[in-house]
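Report on one structure; see the data block that follows.
Every number here is computed from the coordinates shown, using simple stated rules; none is lab data. Small disclaimer: the values here were computed from a predicted structure and weren't measured. Every residue, glycine among them, receives a Cβ derived from its backbone with ideal geometry; neighbour counts consider all protein chains shown.
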Amino acid sequence: MRIVRLETFTRPFVAIVRVTLEDGSQGFGQMSPYHADISTEVFHRLVAPKALGQDGTRIEAVVEHVFSEQLKFPGTFLCRAIAGLDTALWDAAGKREEKPVWALLGAGGGVVPVYASSMSREITPDGEVERFRRLGDAYGFRAFKFRIGQKNGRNGDAWEGRTPAMIRTVGEAFAGTRVKLLVDGNSCYDVEHALRIGRMLEDAGISQFEEPCPYWQYDDTRAVARELDIPVSGGEQDNYLPAWQYMVATDVVDVCQPDLCYVGGVSRALKVAKIAEGGNKPVMFHAANSSLVTLFSLHVMAALPNAGSHCEFNIEPNAFHDVSLDRFFSPPLAVDDGAVALGDAPGWGVAPDDDWLAGAQWRESALADMETRHAGKAIS
Ligand SMILES: [Mg+2]
């Protein structure tokens, strides 16, 4: 069933995609957040011309076709744009079969535990403990992640002594409870510093150390993972599948954290999960960009045999100026008892807000327009 129309609704941070197949069925997806105008341009220039006219029921094949047709441009913006196509096609598939995406993917249920993920390096140790306790009481979160070091910080800190104080204070606050604590170094440390911080984390009962070293320095991350007892996680920026094969085969990380949208959508995220499974590694999706990426990640995690304990859930209010989560799509994601229940509505089970769409920049690529220029090459 051919893809006949691809529309985008773009605001500065986020772009929504609507796909229409030749029987009139539709689905909504979303490109990866940040610089949505650039992703939209890539979408209409590099993705749509190769996707229009293809069989929209063969999602993996369509995504692979676009990649193989754009073999000179395999980088992040192609992946970001393709994520919009892929996720719209999964929504359409779910609506066609009247099943939620988690059920299409073979999950037995759609309830997924989430961890409360702090994005803040301005917050004090006491402030973070207070926030975690409050969110734990209100929503039942039983896992929390806080930030240490500085983003790509060359061993620096937000202010002197913040990281040891955070580790000590948050660790002590939840010592002896069943709460799971994770930290994210965001590429901050060299091996020596990462090992020193890692020992502190182990002593404080923290159970996961994310991105201790610059993420592109695989040897450093591997050395830290090998030396420490605390599991080391990472991979949110890695969108190149051979990189994932290498990372898993050589044990760069203990826990794989692909970002479903950075990597190019559900089909490619499933490939990463399969690679991780081959190395007996759990997958905990990176879903820091509070938008539909969290929802997509939850649906897929529900179905993964090697799903990690929790999916990420951003706790910062209004992470994007143009995405107020209670007005961007409905129903909004609700955390109860530390988990999100995805429900049985078909597809992604949500609808973009009409006002949000109306306020976005609209653009379309249509098969009818393209056929007047040249015929699309069919998937063999
Ligand atoms: Mg991270």
| said: Run lengths n ≥ 4 of DSSP H only: what is the helix-derived mean residue ellipticity at 222 nm for the chain, with -39500 (n - 2.57) per run over all residues, to the nearest 500? | reply: -11000 deg cm²/dmol
| field | DSSP bridge pairs, the chain: antiparallel proportion in percent, nearest 5 | value | 55 percent
| field | DSSP loop GluC sites (Glu not before Pro) with at most 10 other Cβ within 10 Å excluded, longest remaining stretch of the chain | value | 161-380
| said: 5 Å is the cut-off here: which amide hydrogens, built 1.01 Å from N in the peptide plane, fall below it relative to Gly56, excluding neighbours closer than 5 in sequence? | reply: Arg2, Ile3
| Tilt relative to the chain, helix 162-173 - C-alpha long axis, 0 to 90 degrees, to 10 | 80 degrees
| Going by alpha carbons, how many degrees (0 to 90, nearest 10) lie between the helix axis of 266-278 and the longest principal axis of the chain? | 50 degrees
| remark: The pairs in Lys99/Lys281; Lys180/Lys271; Lys151/Lys180 lying past 25 Å Cα-Cα in this model are Lys99/Lys281; Lys180/Lys271
| said: Only sites in a loop by DSSP and with at most 16 other Cβ atoms within 10 Å count here; which chymotrypsin sites (Phe, Trp or Tyr not before Pro) in the range 190-279 make the cut? | reply: Trp216, Tyr240
| Two-site FRET efficiency, Ile38 against Tyr246, from Cβ-Cβ distance with R₀ of 45 Å, rounded to 0.05 | 0.95
| field | Other-chain or far-sequence residues with amide H under 5 Å of Phe174's (modelled H) | value | none
| remark: Projected onto their principal axes, the Cα atoms of the range 102-341 stretch, largest extent first, over whole-Å spans of 47, 41, 35
| field | Test item: Cα-centred dipole of the chain, Lys/Arg +1 and Asp/Glu -1 on Cβ, debye | value | 460 debye
| field | Selection of chymotrypsin sites (Phe, Trp or Tyr not before Pro), the range 150-198, meeting DSSP coil and at most 12 other Cβ within 10 Å | value | Trp159
| Förster-model FRET efficiency, 25 Å R0, Trp159 and Arg199, C-beta, rounded to 0.05 | 0.70
| task | In whole angstrom, note down how far apart the Cα centers of the range 1-67 and the range 158-237 are. | result | 38 Å
| Which Cα, out of Trp356, Val101, Leu181, lies furthest along the positive dipole direction of the chain (beta carbon charges, K/R +1, D/E -1)? | Val101
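How far, in nm, would the chain grow between Glu172 and Glu316 when pulled straight, counting 0.36 nm per residue and subtracting the alpha carbon separation?
49.5 nm
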| message | Cut-off 11 Å, label point 7 angstrom out along Cα-to-Cβ of Met370: give me the residues of the range 21-57 whose amide nitrogen falls inside. | response | 44-56
| request: Tell me the Kirkwood hydrodynamic radius of the range 243-322 in angstroms, computed as one over the mean inverse distance between distinct C-alpha pairs. | output: 12.8 Å
